[in-house]
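Have a look at the structure below before the remarks.
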Amino acid sequence: MTFENAEISAVLRALSEIWGVTITMHPDLKGFITVVSAKDVTPQESFEILRSALNVRGFAVIGGLDDPKKVIEVWPREKVIGQQDRGRAVAAADHQRHRQHGVA
């Protein structure tokens, strides 16, 4: 798998076709990417390489090749972390509310 100074959206479009999944991208994901592999890689290896390359640029990948919805999302990492924090806060509040009302 080799992409040299390739537009990120073009790389994601090509991988979407190869993997048979839909990839949605946050509008802030722009620019070029270089990924060079000295050997042929499996689809899962190419996914992990892409995840790593996007992580370096500050983006997180949500979903995976085994996701039953066949949808992968690419978001700025700080927005994903913020959503996870809000989700944990809501879950903690729900748990506390259930304890106060005697629900296990």
Vicinal HN-Hα couplings computed from phi for segment 49-59 (Karplus, 6.51 cos²θ - 1.76 cosθ + 1.60; Hz; Gly/Pro x)
5, 4, 4, 5, 5, 6, 4, 4, 8, x, 10
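In segment 3-69, which GluC sites (Glu not before Pro) are in a loop and have at most 10 other Cβ atoms within 10 Å, using DSSP for the loop call? If you can, show how the numbers build up before the last one.
Working: sites: Glu4, Glu7, Glu17, Glu45, Glu48; in loops: none.
Here no loop site has a sparse enough neighbourhood.
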Amide H to amide H under 5 Å from Ile23: which residues, 5+ apart in sequence or cross-chain, H placed 1.01 Å off N in plane?
Ile72
Assuming a ≥ b ≥ c are the square roots of the Cα gyration tensor eigenvalues, decide whether segment 2-76 counts as rounded (a/c under 1.5), prolate (otherwise, with a/b larger than b/c) or oblate.
oblate
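Bear in mind these aren't lab numbers, they're just calculated from the coordinates by the rules spelled out. Remember, it's a predicted structure, so these values are computed and weren't measured experimentally. For neighbour counting, all protein chains shown are included, and Cβ atoms are generated from backbone atoms with ideal geometry for every residue, glycine included.
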